[in-house]
Every structure is written in structure tokens, then in C-alpha cells.
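Where a number appears in this text, it was derived from the coordinates with a stated rule and is not lab data. A quick note: this is a predicted structure, and the numbers were derived from the prediction, not measured. Backbone-built Cβ (ideal geometry, glycine too); neighbour counts: all protein chains shown.
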Amino acid sequence: MAINEISVNELTSLVENGSLVVDVREPDEYESGHIPGAILVPLSTVLENSGEFLSEDTVYVVCRSGGRSMQACELLHDNGIVNVVNVAGGTMGWIGLGNEIVTGEHPS
């Protein structure tokens with residue numbers, strides 16, 4: 001089964017409209033700068049925190065560049081959560097577009 005994927009450019013308007021973004025990087029990476037509104041669920045804890053991904057709407061999964069977020073999407077798909085979309089380019093791509101980031105341990 002192929003995992004759906006979008007670019008960080010496509011994510012920009014989705015974030016502006018309040019879409020759910022889950023960041024699967026480690027806490028120190030997240031705290032140093034993340035997409036506004038993104039919640040933290042480190043990759044190693046994705047399955048035990050799968051409830052964070054349960055939504056009637058699409059959940060956008062992000063990491064540094066797209067590798068760990070793809071792994072998270074695959075894990076979730078394998079466990080029946082199919083409303084997740086990988087963000088290709090990740091947080092680095094987001095920053096590369098000149099988009100705002102937030103620091104600290106809170107989503108915004």
C-alpha cells in the first residue's frame with residue numbers, strides 16, 4: 001500500500017487552515033524549532049500514542065526531512081490508521097520556504 005505524501009509547499013495552506021500536524025522527531029529537535037501547531041509524538045512512541053493520530057480529518061506527519069515521518073506513516077498504516085499523510089521535505093523544507101517556526105515544548 002502506497003503512503004500518501006505532500007510537499008511542504010502544500011502543507012503551508014493546510015497549517016493556516018488548522019490541519020493537524022504531528023512531528024515525530026525527538027523532543028530536543030522539536031523544541032529547537034517546529035511547525036506552528038504541530039504536536040510532538042517521537043517516532044519511537046508512535047504506536048503507543050496512536051490515539052494522537054485518530055481523527056476524522058487527515059493527519060499530516062512531519063520530521064526533519066521526510067524519512068522518519070514516512071516510517072511513522074507506514075507503522076500507522078500497518079496498524080489500521082490510514083488517514084495519515086507524509087510531508088516530504090519535512091521541517092527543513094518548511095524552514096527553507098521561509099515559513100515561521102516555533103521554539104519550545106508547546107505546539108504554538
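Exposure proxy ranking for HIS106, HIS77, HIS34, based on other Cβ atoms within 10 angstrom of each Cβ and starting from the fewest, stands as HIS106, HIS77, HIS34. To the nearest ten degrees, helix 67-78 and the longest principal axis of the Cα atoms of the chain are 30 degrees apart. With the simple spin-label model, which puts each label point 7 Å out from Cα in the Cβ direction, the VAL82 to ILE95 separation comes to 3.6 nm. Cβ crowding within 10 Å, taken as a proxy for footprinting-reagent exposure, orders GLU105, GLU29 from fewest neighbours to most as GLU105, GLU29. Normalise the Debye intensity by I(0) for segment 5-96, one equal point scatterer per Cα, no solvent, then take log10 at q = 0.17 Å⁻¹ and round to two decimals. Calculated log10 I(q)/I(0) at the listed q: -0.60.
Rounded to whole numbers, the Karplus 3J(HN,Hα) couplings from phi for segment 93-104 are x, 4, 5, x, 7, x, 6, 5, 10, 10, 10, x Hz, using 6.51 cos²θ - 1.76 cosθ + 1.60 with θ = phi - 60°, and x at Gly and Pro. Each DSSP beta bridge with both residues in the chain is either parallel or antiparallel, and the antiparallel ones are about 10%. Taking a ≥ b ≥ c as the square roots of the Cα gyration tensor eigenvalues, segment 35-79 comes out rounded, since a/c falls below 1.5. Only Cα pairs under 8 Å and 6+ residues apart enter the sum, and on that basis the relative contact order of the chain stands at 37 percent.
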